[in-house]
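Asks: One structure coming up, written as structure tokens, with questions to follow.
No value in this document is a laboratory result; all are computed from the given coordinates. Not measured: the values here are computed from a predicted model. Every residue, glycine among them, receives a Cβ derived from its backbone with ideal geometry; neighbour counts consider all protein chains shown.
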Amino acid sequence: MWQPIETAPKDGNCDILLAAWEDDGSYWAATGSWWIDRFFFFHCDGADPIRLCFEPTHWMPLPEPPKEEL
């Protein structure tokens, strides 16, 4: 469940799911984390990850990864 960004962890040690609204009414939702003084989204463009700075309004913990099948 989405939570207000004011409650998001700011220790820089965990990735979370962040959401930010665009001026046109659309939104971004991507993995990100706190870094120094703001949140950054991590976005992959080709082979290189890119850090994009936005002002997210909501966050939620990342879900558990799938269990590896043997």
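Asks: Modelled label-to-label distance, PHE42 and GLN3, 7 Å Cα→beta-carbon offset: nm?
Replies: Label at PHE42, label at GLN3, 2.0 nm between them.
Asks: Roughly what would the spin-label model give for ASP11 and GLU68, points 7 Å off Cα along C-beta, in nm?
Replies: Using points 7 Å along Cα→Cβ, the separation is 2.5 nm.
Asks: At 7 Å along Cα-to-Cβ for each site, give me the label-to-label distance between GLU55 and ASP23 in nm.
Replies: About 1.3 nm, to one decimal.
Asks: Spelling out what I want: for every residue of segment 11-26, take phi, set θ = phi - 60°, compute 6.51 cos²θ - 1.76 cosθ + 1.60 (Karplus), and round to whole Hz; glycine and proline get x.
Replies: Per residue, the Karplus-derived 3J(HN,Hα) values read 8, x, 9, 9, 8, 9, 8, 10, 10, 9, 8, 8, 4, 7, x, 7 Hz.
Asks: Short version: ³J(HN,Hα) in whole Hz for each residue of segment 27-34, in order, from phi by Karplus 6.51 cos²θ - 1.76 cosθ + 1.60 (θ = phi - 60°), x for Gly and Pro, what are they?
Replies: Once θ is set to phi - 60°, the couplings for segment 27-34 become 9, 9, 9, 7, 5, x, 6, 7 Hz.
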